[in-house]
Amino acid sequence: MCIGTIKGCEKKLIMSFLSLVVKNPFRNKTRSALAIVGISIGIIVIVALGMVTGGLENSTQSTLKAGAAEITVIQTGSSSFGSGGSLNESLASSLLNISGVKDTTGILRATNTSTTVSATTTNSSAGGFGAEGGVSITGIDASKLSLIGIDTVNGTEFTNTSTNQVIMGTTIAQSLNKTVGDTIDLYGKNFTITGTYETGNFITDAGIMMPLSTLQNLTNNPNKISDVLVKVTDNANVTTVSQSIENAYPNQLSTTTAADEANRINQGLSFINTASWAISLLAIFIGAVGVINTMIMSVYERTREIGVLKAVGWRDRRILGMILGESIVLTLLAFVIGTIVAVVGVELILTLSPSVGGIIKPSFAYDIFLRAFVVAFLVGVIGGLYPAYRASRLSPTEALRYE
Amino acid sequence: MNNENIIEIKGLKKSYDNGKIKALNGMDLEVKKGEFISIMGPSGSGKSSLLNMIGALDRADEGSIKVAGIDLMKTKKLYEFRSKEIGFVFQMHNLIPNLSVLENVQIPMFETKTSSKDMKKRALELLKAVNLEDKINQKPTKLSGGERQRVAIARALVNHPSIILADEPTGSLDSKTGEVILNLLKDLHSKENVTLVMVTHEPYVGQMAERIVTVLDGKCQNIIQPPKQDN
Ligand SMILES: Nc1ncnc2c1ncn2[C@@H]1O[C@H](COP(=O)(O)OP(=O)(O)OP(=O)(O)O)[C@@H](O)[C@H]1O
Ligand SMILES: [Mg+2]
């Protein structure tokens, strides 16, 4: 009967069967739409959370970049992001004597709560990162900016002797709608933004840098610093060097390494990840129940029709394949819709709220979408298997007698 | 032509509900190849059950049944048998509502190794034979009862079956439409050279067959040869 290659013919046969499988879910549009909405919500959660946590993960990875200091030294007992100066400025040069230390610089961290930057206040607390209740300002020597991760400045760096110059992270610049040349009110004084920078670290990029001495004067911390940034020599072991520092100043200094910090954030992220998996699982479970229900109803309504298909010679396997296929069509449609809604939704939220958008650069890693696809597919298979099995095992005579 | 029996049934028994209902109770029947018989009898006498056994929709409990040379008590390939040898026409057309008339007729061919081109060709040929060539792209819901039954007849014939099993094919039609369907069935039965076994309640419908088999309490009661009609 078949003209041409057997493969070609089988392909055509499969095509007409597939078109039936694709058409059938649309027979009861409302019910299918409801099932699709249910699964789509799960897919939206998976994709949106994946994009956001993936973006944050990328950001923490860039805290470990080359050139930046590996170790942050603070006074024992103060919080790692502690503001105010508690260490003596001279400590920075003293630490250079410890073996394995290549470069150091003292920085002063402060928080400005002036109303001008209140926009970031809500964001930084919402995100849980950064200085609470204001914009974080760091005083640093212009020549040591690379130690904090700033390699290039768009515009110019501030001069160390200036009292009215700052550079600004792109995140905060965006949320405050500022560019190079604009001014900003800090501590009641006008500062000119001479440059902007982007390090990829969302904490640094949400902050402002100014000369150390200027910030010391403004915050009344003469000759005081809050942290010392330490860069180790190329062949030194970061852990060994930070141990040496702590040993040299027992009960006075504590160290955190960039790796520690990244780990800490990653721990937070892995918690978010676990939570998002839990939410996803719940969504999948609800979705699967919805699919099972939809497909059982559909099989039930089509009992006579399934009897007819058996009467005309369809094998159990084909009926199983048809119902299972319909179920997968539903969930894959939900995958497409859910993914589109998630991507558009995340982008929309980030553009409508630039302050959040600056902190989170959503990830478009393919494995996020692959994960959603696999989940959708599995929900389709799991949800469709039982109804499909039931349909395939219907007795033809019983099915045909069914009213 | 040839006188071989296409259906040979001996002492066939089938009961339901753990033996409480004896749908077939020692049925004997022989049907020659190319014959047109009608099966009559009161409701619940076992007519549909008999048809289901011939069409291999169910297995009998006891006895022997051989259809188109295949022992239905033994064969494992019931689907293949149905697909190749049997075409069903039910009282209710049982078409798939979201598929076009043409697609509905092609459904049985999915299990055969027919190319989609040949599938379409064969379906069109039959739809022409049942006078529906102008409705091939309609959905069954848009058709009248008689038109639907014509689609069902085309569907039953599409795989070149050797037997058409029609269970009250005119039962849900008015008598005029029913007559059209009956004439069509009779016509196609001779044109396509298929055996036609038809269950009916109505004596005038039964009269159209070459032989009337009366079923009572799951047994063949008597077989009448209706007077030869002209035409
Ligand atoms: N699947 C089944 N389960 C239980 N009982 C059945 C089943 N199929 C048939 N029966 C019973 O077997 C008997 C014969 O049924 P059958 O459908 O063959 O009768 P029939 O002659 O076709 O009747 P009708 O003219 O009303 O269609 C009836 O009593 C019926 O209730
Ligand atoms: Mg009946």
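Derivation of every value follows stated rules applied to the coordinates shown; laboratory data play no part. Keep in mind that what you see is a predicted model, and the values were worked out from it rather than measured. Using ideal geometry, Cβ is built from the backbone for each residue, glycine included, and neighbour counts are taken over all protein chains shown.
Miscellaneous remarks
- Ordering A:Val341, A:Thr199, A:Met322 by Cα displacement along the dipole of the protein assembly as shown toward the positive end leaves A:Met322 in first place; charges were set at the Cβ atoms of Lys, Arg (+1) and Asp, Glu (-1).
- In the range A:77-250, the DSSP beta bridges split such that about 70 percent are antiparallel, to the nearest 5.
- Peptides B:163-171, B:34-42 ranked from most to least packed, by the mean per-residue count of other Cβ atoms within 10 Å: B:163-171, B:34-42.
- Degrees separating the helix A:118-127 axis from the principal Cα axis of chain A, which is the longest one: 60 degrees
- Chain A: angle of helix A:258-301 to the longest principal axis, Cα-based, in degrees nearest 10: 20 degrees
- Here is the size of chain B from its Cα atoms: Rg then Dmax, 17.3, 50 Å.
- Within the shell of other residues whose beta carbon sits under 15 angstrom from the beta carbon of A:Leu212, the net charge comes to -1, with Lys and Arg scored +1 and Asp and Glu -1.
- Only helical runs count toward this figure. For chain A, summing -39,500 (n - 2.57) over DSSP H runs of n ≥ 4 and dividing by all residues gives -18500 deg cm²/dmol at 222 nm.
- Per-bin percent of Cα-Cα distances, the protein assembly as shown [20 Å]: 16, 31, 17, 16, 15, 5, 0
- Ranked packing of A:373-379, A:36-42, B:5-11, A:232-238, most packed first, by mean Cβ within 10 Å: A:36-42, A:373-379, B:5-11, A:232-238
- Distance violations [Cα-Cα > 24 Å] among B:Lys120/B:Lys176; B:Lys120/B:Lys191; A:Lys23/B:Lys76; A:Lys23/B:Lys128; B:Lys13/B:Lys66: B:Lys120/B:Lys176; A:Lys23/B:Lys76; A:Lys23/B:Lys128
- Radius ratio Rg over Rh of the range A:261-318, counting only Cα atoms, Kirkwood formula for Rh: 1.45
- Cα-based Lys pair tally, the range A:77-250, threshold under 19 Å, eight or more apart or on separate chains: 5
- 0 to 90° range, to nearest 10: angle between helix B:116-129 axis and chain B longest Cα axis: 80 degrees
- For the range A:77-250, the dipole from Cβ point charges (+1 on Lys and Arg, -1 on Asp and Glu) about the Cα centre works out to 220 debye, to the nearest 20.
- Note on A:300-312: average number of Cβ atoms from other chains within 10 Å of each residue's Cβ is 5.
- Averaged over the residues of peptide B:57-64, the number of Cβ atoms from other protein chains lying within 10 Å of each residue's Cβ is 2.
- Cβ-based net charge around A:Ile245, under 15 Å, with every Lys or Arg adding one and every Asp or Glu removing one: -3
- Dipole magnitude for the protein assembly as shown: about 2580 debye, using +1 per Lys or Arg Cβ and -1 per Asp or Glu Cβ, origin at the Cα centre.
- Scaled to the globular estimate 2.2 N^0.38 Å, the Cα spread of the range A:77-250, given as radius of gyration, is 1.03.
- Centroid-to-centroid separation of the range B:80-105 and the range A:184-212 [C-alpha atoms, Å]: 76 Å
- Separation of alpha-carbon centers, the range A:297-313 and the range B:116-138, rounded to whole Å: 23 Å
- Using alpha carbons only, the radius of gyration of the range B:1-117 set against its Kirkwood radius gives Rg/Rh = 1.00.
- Nearest-20 debye value, chain B charge dipole, Cβ charges on Lys, Arg, Asp, Glu: 560 debye
- Relative contact order (%) - criterion: Cα under 8 Å, at least six apart; region: chain A: 27 percent
- Here's the picture: charge each Lys and Arg Cβ at +1 and each Asp and Glu Cβ at -1 in the protein assembly as shown, and of A:Asn293, A:Leu350, B:Asn183 the one pushed furthest to the positive end of that dipole is B:Asn183.
- Most positive-pole-ward Cα, B:Asn222, A:Ile368, A:Thr170, against dipole of the protein assembly as shown from beta carbon charges: B:Asn222
- Taking every residue in A:394-400 and counting other chain Cβ atoms within 10 Å of its Cβ, the average works out to 5.
- Backbone phi angles across the range A:99-112, fed through the Karplus curve with coefficients 6.51, -1.76 and 1.60 (θ = phi - 60°), yield HN-Hα couplings of 5, x, 8, 9, 8, 9, 7, x, 10, 10, 9, 9, 10, 9 Hz in residue order; Gly and Pro are listed as x.
- With coordinates expressed along the principal axes, the C-alpha atoms belonging to the range A:222-300 extend over 79, 34, 19 Å, beginning with the largest.
- Where only C-alpha atoms are counted, convex hull volume of the range A:192-241 per residue in Å³: 146 Å³
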